[in-house]
1. Could you please tell me which pairs satisfy a Cβ distance under 8 Å, a separation of 6+ or placement on different chains, a first residue in the range 137-151 that is among the basic types (Lys, Arg), and a second residue that is assigned to a loop (DSSP other than H, G, I, E, B)?
2. Residues GLY263, GLY340: which one is assigned to a loop (DSSP other than H, G, I, E, B), under 20 Å from the mean Cα position of the chain (by Cα) and at pLDDT below 95?
3. Only residues that are part of a loop (DSSP other than H, G, I, E, B) and touching a strand residue (DSSP E or B) at 6+ places or on another chain (Cβ under 8 Å): list them for the range 350-363, please.
4. Taking only pairs six or more apart or across chains, which ones have beta-carbon atoms under 7 Å, a first residue in the range 266-286 that is assigned by TED's automatic domain parsing to the domain that holds ILE372, and a second residue that is assigned to a helix (DSSP H, G or I) and away from the ligand (no atom under 16 Å from the Cβ)?
5. Could you check the range 125-137 and list, in sequence order, the residues that are under 22 Å from LEU27 (Cα atoms) and surrounded by fewer than 10 Cβ atoms within 10 Å (Cβ to Cβ)?
6. Please determine, by comparing only the residues of the range 302-329 that are farther than 30 Å from PRO354 by Cβ and outside any loop (DSSP other than H, G, I, E, B), which one is farthest from the chain's Cα centre (by Cα).
7. Can you pull out every residue in the range 365-382 that is more than 10 Å from the ligand (Cβ to nearest atom) and not charged (D, E, K, R)?
Amino acid sequence: MHHFTSTFFKKNRDKLSKVLPNSLVVLTAHSLIQKSADTTFPFRQDSSFWYMSGIDEPDILLVLNTKNGTSTLLVPEQNDYQKEWDGNLDFEALKTKSGVDLVDASESLEYILKKAKKSNLSICSLEPLAEKVEPYGFYSNPARRKLYERIKSIEPEPKEIRLEIARLRQVKQLEELTAIQSAIDITAETLKEVKKNLRHYQKEKDIERSITAGFYDRGANGHAYEPIIASGKNASIIHYMKNDAKLQENSLLLLDVGAQVHGYYAADISRTWAFGKSTERHRALYTAVLTLQEKAFSMLRPGVLLKEYQEELEVYAKKVFLPLGVKINRYPHGFSHFLGLDVHDAGDYGAPLPEGSVITVEPGIYLPDEGIGIRMEDNVLITKNGIKNLSSHIPKTL
Ligand SMILES: [Mn+2]
């Protein structure tokens with residue numbers, strides 16, 4: 001993460017301060033989550049907290065007084081076990097990395113909140129997700145809930161600032177674009193190598209292993225999300241992640257993979273290849289997906305509303321697939337999402353698309369009855385007049 005210095009995080013805090021004058025903003029790091037017995041999942045920071053602080057430690061709070069311009073990290077007290085096993089938290093290093101003015105103890109939060117309330121500052125934070133997040137069926141990180149309880153004991157109605165932060169995060173700065181491009185380039189090189197050796201693989205898992213190694217070898221810190229390597233009918237399951245089947249001869253193989261670099265910046269690329277020979281049917285459907293993607297590219301520019309874009313493309317998709325005997329009632333996924341620190345990145349989905357945002361363009365067709373799934377996914381930057389396809393160097397051939 002050496003490309004991101006305190007200047008970047010300070011700039012982000014300044015931008016947030018500008019849109020939230022006379023406020024006290026409190027953001028929290030994620031908490032560590034139990035995996036099993038006394039082991040934890042690898043720590044993954046809250047992306048908005050990272051964007052504003054650059055800190056990769058759990059349970060730290062960032063407090064931003066936008067009236068007097070001071071920024072403070074509040075650090076929980078470490079017990080003897082943590083000091084011995086995890087090492088002492090280095091306050092100076094936290095300060096250098098984030099560029100904040102002060103580092104204080106976490107217990108000071110209530111005092112700071114009371115003082116801010118007395119001086120009529122608006123107290124702002126990110127509303128926690130539900131404990132269980134539906135329809136996905138997973139449990140959310142508890143950090144925001146814990147913070148929210150503490151805030152609410154002083155300020156019963158804190159201001160929700162999800163959109164204020166999303167609007168900053170969706171417009172990418174130069175160092176972020178460099179990071180995303182490097183994630184895409186690593187993904188491109190790795191896919192090129194895998195395709196060259198495709199006939200040597202027997203199982204989906206063999207390909208996954210090659211891609212994982214390829215990402216690390218090229219300087220990424222792993223996958224930005226669980227990779228999808230889906231052969232034949234598995235490709236018609238949109239979030240297939242088992243990757244444990246034998247590769248089906250003369251069928252299509254769908255790969256949806258992305259490297260992660262500099263902490264968390266992601267690529268999100270899908271390609272569909274023939275394993276063995278492709279049929280005429282495969283080629284006709286593949287061409288239709290490409291046509292749909294070209295249409296999507298041509299529609300994108302600053303000011304576009306993603307909702308209208310989605311609706312128009314769904315109508316177009318029906319038209320493109322009808323001559324192939326495929327009736328689409330409901331399109332199963334979005335054609336685009338923001339990309340950045342998160343694979344499904346923060347952004348204001350209800351507002352006109354801003355210049356400088358990075359989104360995916362990912363049409364697909366899923367036909368379980370025919371054992372076919374095809375998806376084509378590129379990552380594009382919204383420019384002044386249209387788009388720049390950041391992944392155009394990844395070939396699109398069966
Ligand atoms: Mn995607």
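1. Partner pairs satisfying both residue conditions: ARG144/ASP46; ARG144/LEU126; ARG144/GLU127; ARG144/PRO128; ARG144/LEU129; ARG145/PRO128; ARG145/GLU131; LYS146/SER31.
2. Working: GLY340 fails: at pLDDT below 95.
Just one listed residue meets the conditions, GLY263.
3. Looking only at the range 350-363, we keep the residues that are part of a loop (DSSP other than H, G, I, E, B), and these are 350-357, 362-363.
Matches in the range 350-363: LEU353, PRO354, GLU355, GLY356, SER357, GLU362, PRO363.
4. THR272/TYR286; TRP273/LYS195; TRP273/LEU198; ALA274/HIS282; PHE275/LEU198; ALA284/LEU324; LEU285/LEU324
5. Initially, the range 125-137 is screened for residues under 22 Å from LEU27 (Cα atoms), giving 125-133.
Within the range 125-137, ALA130, GLU131 meet the criteria.
6. PRO323
7. ILE365, TYR366, LEU367, PRO368, GLY371, ILE372, GLY373, ILE374, MET376, VAL380, LEU381, ILE382
Each row is one residue, and each column tells you yes or no for (1) free of Cβ contacts under 8 Å to residues at least 12 places away in the same chain; (2) open to solvent by 30 Å² or more (accessible area, probe 1.4 Å); (3) within 16 Å of the ligand (Cβ to nearest atom).
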position	(1), (2), (3)
ARG301	no, yes, no
VAL304	no, no, no
GLU308	yes, yes, no
GLY334	no, yes, yes
PHE338	no, no, yes
GLY356	no, no, no
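The values are calculated or read from the model by the stated rules, or taken from the named source; none is laboratory data. What you are looking at is a predicted structure, and each value in this text was computed from that prediction instead of being measured. Positions of Cβ are backbone-derived with ideal geometry, glycine not excepted, and every protein chain shown enters the neighbour counts. Quick note on the areas: whole protein, heavy atoms, side chains included, nothing else; ligands and nucleic acids left out. Shrake-Rupley method; radii C 1.70, N 1.55, O 1.52, S 1.80 Å.
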